[in-house]
Amino acid sequence: MAGPRKPTSFDIAQMAGVSQPTVSRALRGSPSVSAATRARIEAIAKNLNYSVDRAASNLRSGQTRTLALLLFRDPSPGRTLINPFFLGMLGSIMESCAEVGYDLLVSFQNPTSNWQADYEDSHRADGLILLGYGDYAAYREQLETLVARGTHFVRWGSVAPGQPGLTIGCDNHAGALAATRHLVAQGRKRIAFLGDATDHYPEFHDRYRGYCDALSEAGLPCDPALQVGAISSEEQGERAARELLVRGKPFDGIMAASDLIALAAMRVLAEAGLRVPTDVSLVGFDDIPAASFAHPPLSTVVQDAAAAGRLLVRALLAEIAGTAPPRNLLPATLVVRGSSVRP
């Protein structure tokens with residue numbers, strides 16, 4: 001004897017008083033269906049124990065309903081670490097995908113590998129989200145290849161004219177400008193910058209420009225001897241702080257291009273007998289969780305990781321749909337804590 005008939009989307013449509021395509025769009029999380037209609041359809045589907053056949057739906061639409069998040073490691077010596085700022089963004093990206101009915105593939109990549117071939121090109125994902133502080137000059141050509149192929153992707157990074165593809169980022173220049181102005185307001189006149197200041201790392205370069213602009217406003221020199229290159233890792237921050245000390249140029253403030261650099265510098269300064277903030281005022285950038293637990297707590301520029309994750313997903317879905325993307329520049333806000341306020 002045959003069992004009870006499995007409910008279909010046509011049954012839901014009849015009960016909800018809408019068309020079957022509307023039911024399909026509502027259960028996919030399409031924004032073209034009003035919130036009230038979607039809620040009514042979802043309630044009926046739940047009551048009928050109806051579940052979407054994702055494989056059949058994807059086959060009909062030609063989409064995977066999956067996004068791929070690629071985290072890039074910087075190919076530098078030492079341990080392979082993920083910047084904690086990106087970990088803070090990951091939860092928001094996952095939640096945003098779930099809200100619109102998308103799965104998320106997460107993968108750790110080497111920037112020089114042929115990573116795009118494993119995802120959209122092989123129909124494993126409808127689009128790519130790219131995160132990482134790698135050498136921009138090294139992978140720009142791959143971004144240009146993605147654009148030429150028509151690959152849907154969005155990356156987190158420095159927002160500037162002429163970049164290939166869609167980029168979402170924070171206002172790095174304004175954040176560093178505010179942080180350095182704060183150090184100047186504390187009476188600091190010999191302020192160092194720890195971080196790369198070249199086009200290889202455009203986000204850090206934007207922060208360096210903000211730092212120099214704040215010094216110029218105050219009539220202070222932007223002394224090249226007080227800038228030490230470093231990428232975002234504690235090992236690099238420690239090396240940069242030690243090099244700054246070895247140079248022998250007096251300094252009373254540090255604008256660090258990331259919190260990882262700043263926290264490492266704080267330890268090196270303590271080992272050298274310099275007190276933070278009595279002798280040296282220190283500000284970082286990112287507001288990773290460890291910043292507020294440092295001793296003293298680290299003043300830093302906040303990038304809203306949760307908002308960034310949501311914006312990346314929205315921008316990629318707009319790219320896939322061929323619609324206008326949302327705004328691509330998030331504000332950066334200075335949070336003042338104990339590491340920078342002069343006693």
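The values are calculated or read from the model by the stated rules, or taken from the named source; none is laboratory data. None of the values given here were measured: they were computed from a predicted structure. When we count neighbours, we look across all protein chains shown, and the Cβ atoms used for this are built from the backbone with ideal geometry, even at glycine. With ligands, DNA and RNA removed, areas are computed over all heavy atoms of the protein, side chains included. Shrake-Rupley method; radii C 1.70, N 1.55, O 1.52, S 1.80 Å.
Observations on the model:
- Counting only protein chain heavy atoms and rolling a 1.4 Å probe, the accessible areas of Ser258, Ser216, Ser30 rank, largest first, as Ser216, Ser30, Ser258.
- Contour minus Cα-Cα distance for Ala39 and Val335 (0.36 nm per residue): 102.6 nm
- Accessible surface, the chain, averaged per residue in Å² (probe 1.4 Å): 46 Å²
- Taking each residue as 0.36 nm, the span from Asn49 to Phe293 lengthens on full extension beyond its C-alpha to C-alpha distance by 83.1 nm.
- With a Förster radius of 56 Å applied to the C-beta separation of Ala185 and Arg149, the computed FRET efficiency comes to 0.70.
- Under 13 Å of direct C-alpha separation, and excluding same-chain neighbours fewer than eight residues apart, Lys46 reaches these aspartates and glutamates: Asp11.
- Fluctuation leader among Phe285, Phe293, Phe85 - the chain, Gaussian network, Cα springs under 10 angstrom: Phe293
- Cα gyration tensor category, rounded, prolate or oblate, for the chain with a/c compared to 1.5: prolate
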